[in-house]
Amino acid sequence: MQQHFSLAECDVVGFDLDHTLCRYHLPQSARLIYDSFAQYLVTEKGYDEDLLTLAPDSLDFCCKGLVLDIEEGNFLKLAEDGTVLRASHGTKSMTFEEILEIYGRKEWKHFNTVSGMVSRTAKYYLYDNYFDLPGALLCARVVDSLDQHDGQKKYDFWKDMVAAIQHNYKISAFKEDCGMYFPEVKNHPDKYLQRCPESVKKWLKQLKNAGKILLLITSSHSDYCRLLCEHVLGNDFEEYFDILITNALKPGFFSHTPNQRPFRTLENDEEQEALLSLDKPGWYSQGNAIQLYDLLKKMTGKLDPKVVYFGDSMHSDIFPARHYSNWETVFILEELLGGKGTVPAKAESEPLEKKGRYEGDQLKVPYFVSKQWGSFFMDRLPGLENAEETLVRTWSCKCISTYSTIAIPSLEAIADLPLDYRFTRFSSNSSATAGYYPSPPRALLPSEDSAMTK
């Protein structure tokens, strides 16, 4: 595979919506998501009312890449080889000694499953995007609460958490004003949503004018998608895209066959009968990547049109688009804005050329580098004295270079570049930092205080 990637070489450019095209004010949206789940657990399932109050700095617990070991009530941060780097029981951090006693210095028992498919099961849950993360804090506090009252050893709260998620996000919730989440965003969109920068809108038009086919593929339902797009892009948002697919139910959109997940038309935001094939551009619901690709072949007149997909979730966007569809993938990783990692120590401040552009963002964001969990990209192995030799990449970091073509902090970061700009792609024969634009995370850069990744 060639070393460089350019949008000019792509025939089709696809986008996820939430946290990709539509960015949120994270402190406000995180609090809303937490409250919406907590309210349901307390009022419908009888959980402790203390869950409804949040200490100001408690969102520090939220860190992308954590895995919840559901039965044990433990949260784990994994190294690229599957060993446990940090862990907490509920919200309480485990010591290195406790980690070694419980997990040893060997691959976590479910690592093979989670790493093979970047998956989730009834036994563990991977937290990898901003819609999920506040739920991690809530689950951790539920474990604390159950320990306090029942002294449990195995935990059975997950079914209630799933019910809370379904109650707030189900397909009819927006229309029915059900739950807490949708009514609140409807009533106060400015509080939660950031308007799309003019540079990004101009860039989308530029892509279209260059003959690219533009897709929007989101798991959000059509009514919520319309609210978001009108607010962030404007009332003419449909003109930016050739094909809009809502309720895409990713990652299933990429992994399911046409029989399992047919496309449906929409009428007044209600899904209609299943379609046998996808014949023309338009707005659809559900669907699958196989039939979409057949339509893209027709539209481009090419046997093998080249598609790139932008998204913020490794589980729902990046891994499945690469693994099942072999698309190019651009990972939107806001953590690249907050490059001041806690590992390695003495990380310097951001370089000046980056600082000016993103300064505003850094102030708005509650948890780029969690004090409790440290860097998203690197960490020390537990229990070893010599820090020089024991810095390792996290499993989340390894996934980025394995499944992404490039990783960027936001669309805005590349909107002013010419379409034929050549990005250095991640590849097995380039350095571990090659695919990050505009610059790699500070934690991955070699310095006097840090070791290179192993």
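Computed quantities for the displayed model
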quantity: Lysine pairs with alpha-carbon atoms under 20 Å apart, segment 26-188, spacing 8 or more or separate chains; calculated: 22
quantity: Carbon plus sulfur fraction of accessible area for the chain, probe 1.4 Å, in percent; calculated: 49 percent
quantity: Loop sites in segment 157-190: trypsin sites (Lys or Arg not before Pro), DSSP, at most 15 other Cβ within 10 Å; calculated: Lys170
quantity: Net charge of neighbours whose Cβ lies under 15 Å from the Cβ of Ala122, counting Lys and Arg as +1 and Asp and Glu as -1; calculated: 0
quantity: Cα-based shape type of segment 84-177, given that a ≥ b ≥ c are square roots of the gyration tensor eigenvalues and the cut on a/c is 1.5; calculated: oblate
quantity: Rel. contact order, % - alpha carbon contacts under 8 angstrom, at least six apart, the chain; calculated: 22 percent
quantity: Global form of segment 75-136, assessed from the alpha-carbon gyration tensor, a/c cut-off 1.5; calculated: oblate
quantity: Principal axes of the chain: Cα extent on each, largest first, Å; calculated: 60, 53, 41
quantity: Formal net charge of residues neighbouring Leu276 (Cβ-Cβ distance under 12 Å; K, R +1; D, E -1); calculated: -2
quantity: Fraction of antiparallel bridges per DSSP, the chain only, in percent to nearest 5; calculated: 55 percent
quantity: More than 23 angstrom apart: percent of Cα pairs within segment 26-188; calculated: 39 percent
quantity: Solvent-accessible area per residue for the chain (1.4 angstrom probe, square angstrom); calculated: 42 Å²
quantity: Virtual spin-label span in nm between His149 and Leu100, 7 Å along Cα→Cβ; calculated: 3.7 nm
quantity: Gain in span if fully extended, Lys191 to Ala8, counting 0.36 nm per residue against the direct Cα distance; calculated: 62.3 nm
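The values are calculated or read from the model by the stated rules, or taken from the named source; none is laboratory data. Bear in mind the structure is a predicted one, so any value in this text is a computation, not a measurement. Don't worry about glycine lacking a Cβ; one is built from the backbone with ideal geometry, like all the others, and counts go over all protein chains shown. Note: areas computed on protein heavy atoms with side chains; ligands, DNA, RNA excluded. Shrake-Rupley method; radii C 1.70, N 1.55, O 1.52, S 1.80 Å.
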